[in-house]
Amino acid sequence: MAAIGRFQKGDDIFYAKVVDGELFKLKGDVFGSPSFQKRATNPKGIKTLTPVAPSKVIAVGLNYADHARESGKALPKTPLFWLKAPTSLIPDGGKIEIPFQDHRVDYEAELAIVIGRRMRNVTANAAARYIFGYTSAQDISDRTIQKAESQWARAKSFDTFTPLGPYVETKIDPHKLTIQLFQNGQLRQNSLTGQLIFNCFELVSFISTNITLLPGDVILTGTPSGVGPIQSGDKLEVRIQGMSPLVNTVK
Ligand code: MG
């Protein structure tokens, strides 16, 4: 497999492999051993959904040293994570809505991990076998609320606050990728996933010692430095090497 997406045509919701813009519809369990239709599906009239429908979205904070520095926070000794509501997810092309116009709301480009197998107490060395693939995400954050409260779930769980996709890349080395965010064509964040303090395998291992992870669950790995506020009308683009860009606008 390579790039896997989730799509809708009428009432039909399906997974498909994406090759040069053509869709090869998947049969069977996407996390098992699926087969693909020989004939490509015409993408016209087909809506792109988030690439998975997770039972939970877990976000990791302060996982790039330069972002911890710009936030004025000390680096955590173990991964710092919280839950984002799955209802905050939107797909590529979806619109981000700012709930309170007088609040500061920021973009945060992040590499996302998608789990492929039920996972509990798995070591970092074995973790790769439990990962389905990787995709692009944003951890949109209401900083006004985040600064005022000690728990971050509310600041980061508003509807539309987790753009994800467009596809899951199943054959990619997650620690050798450039990660960038463009706001209206201007480069705002520019880093390397090799700079992650806790790498993808360490993160999912640590989380699995606390919470059972299920196929399709999504883990956001943290954002690099360069976060900044968004405004109505903005076009935001996450570009991670080897992936299709994740493009969203602000309503
Ligand atoms: Mg974040």
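The values are calculated or read from the model by the stated rules, or taken from the named source; none is laboratory data. None of these values were measured; they are calculated from a predicted model. When we count neighbours, we look across all protein chains shown, and the Cβ atoms used for this are built from the backbone with ideal geometry, even at glycine.
Being surrounded by 13 or more Cβ atoms within 10 Å (Cβ to Cβ), in the same structural domain as Val204 (by TED's automatic domain parsing) and either at pLDDT below 95 or over 13 Å from Pro245 (Cβ atoms) (or both) is the requirement here; does Ser141 meet it?
On the way: surrounded by 13 or more Cβ atoms within 10 Å (Cβ to Cβ): yes; in the same structural domain as Val204 (by TED's automatic domain parsing): yes; either at pLDDT below 95 or over 13 Å from Pro245 (Cβ atoms) (or both): yes.
Spelling it out, Ser141 is indeed surrounded by 13 or more Cβ atoms within 10 Å (Cβ to Cβ), in the same structural domain as Val204 (by TED's automatic domain parsing) and either at pLDDT below 95 or over 13 Å from Pro245 (Cβ atoms) (or both).
Please tell me if Ile240 is within 16 Å of the ligand (Cβ to nearest atom) and crowded, with 20+ Cβ neighbours inside 10 Å. Can you show your working first?
Numbers: within 16 Å of the ligand (Cβ to nearest atom): yes; crowded, with 20+ Cβ neighbours inside 10 Å: yes.
Yes, satisfied.
Tally up the residues in segment 112-129 that are in contact with a helix residue (DSSP H, G or I) (Cβ under 7 Å, 6 or more places away or on another chain) and not in a loop (DSSP other than H, G, I, E, B), please.
Initial filter on segment 112-129 (in contact with a helix residue (DSSP H, G or I) (Cβ under 7 Å, 6 or more places away or on another chain)): 113, 115-117, 119-124, 127-128.
Next, only the ones that are not in a loop (DSSP other than H, G, I, E, B) stay: 113, 115, 119, 127-128.
Of the residues in that region, 5 qualify.
Within segment 77-95, is there a residue that is assigned by TED's automatic domain parsing to the domain that holds Ala128 and more than 20 Å from the chain's Cα centre (by Cα)?
So the first thing to find is which residues in segment 77-95 are assigned by TED's automatic domain parsing to the domain that holds Ala128, and the list is 77-95.
When the remaining residues are screened for being more than 20 Å from the chain's Cα centre (by Cα), the result is 77-78.
Yes, because at least one residue in segment 77-95 is assigned by TED's automatic domain parsing to the domain that holds Ala128 and more than 20 Å from the chain's Cα centre (by Cα).
Can you run down the residue pairs with Cβ atoms below 6 Å, 6 or more apart or on separate chains, where the first is in segment 215-230 and more than 21 Å from Lys73 (Cα to Cα) and the partner is within 9 Å of the ligand (Cβ to nearest atom) and of a type in the set (Ser, Thr, Tyr)?
Filtered contacts from segment 215-230: no entries.
Could you check segment 30-42 and list, in sequence order, the residues that are closer than 15 Å to Phe7 by Cα and either under 23 Å from the mean Cα position of the chain (by Cα) or assigned by TED's automatic domain parsing to the domain that holds Ile115 (or both)?
Val30
Results for (1) modelled with pLDDT of 95 or more; (2) part of a loop (DSSP other than H, G, I, E, B); (3) surrounded by fewer than 19 Cβ atoms within 10 Å (Cβ to Cβ); (4) within 16 Å of the ligand (Cβ to nearest atom), shown as yes or no for each residue.
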| residue | (1), (2), (3), (4) |
| --- | --- |
| Lys38 | no, yes, yes, no |
| Pro54 | yes, yes, no, no |
| Glu70 | no, no, yes, yes |
| His103 | yes, yes, yes, no |
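For Trp152, which of the numbered conditions (1) away from the ligand (no atom under 14 Å from the Cβ); (2) surrounded by fewer than 23 Cβ atoms within 10 Å (Cβ to Cβ); (3) of a type in the set (Phe, Trp, Tyr) fails to hold?
Here Trp152 clears every test but (1).
Rundown of residues vs (1) on the phi < 0 side of the Ramachandran plot; (2) in contact (Cβ under 8 Å) with a residue 12 or more places away in the chain; (3) within 16 Å of the ligand (Cβ to nearest atom); (4) part of a strand (DSSP E or B), yes/no style:
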site	(1), (2), (3), (4)
Asp29	yes, no, no, no
Pro43	yes, yes, no, no
Thr87	yes, yes, no, no
Glu110	yes, yes, yes, yes
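Against the definition (under 17 Å from Gly133 (Cα atoms) and basic (Lys, Arg)), how does Arg39 come out, yes or no?
Values: under 17 Å from Gly133 (Cα atoms): no; basic (Lys, Arg): yes.
In short, no.
Return the total of residues in segment 176-214 being within 18 Å of Gly165 (Cβ to Cβ) and free of Cβ contacts under 8 Å to residues at least 40 places away in the same chain.
Total meeting the criteria: 0.
Anything in segment 199-229 that is in a loop (DSSP other than H, G, I, E, B) and surrounded by fewer than 22 Cβ atoms within 10 Å (Cβ to Cβ)? List them, or say none. First the steps, then the outcome.
Our first condition is that a residue be in a loop (DSSP other than H, G, I, E, B); within segment 199-229, this holds for 199, 209-212, 214-217, 221-227.
Correct list: Asn199, Thr209, Asn210, Ile211, Thr212, Leu214, Pro215, Gly216, Ser225, Gly226, Val227.
A quick yes/no check of all residues on (1) within 13 Å of the ligand (Cβ to nearest atom); (2) under 13 Å from the mean Cα position of the chain (by Cα):
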{"site": "Ala127", "(1), (2)": "no, no"}
{"site": "Tyr167", "(1), (2)": "no, yes"}
{"site": "Thr170", "(1), (2)": "no, no"}
{"site": "Asn184", "(1), (2)": "no, no"}
{"site": "Gln189", "(1), (2)": "yes, no"}
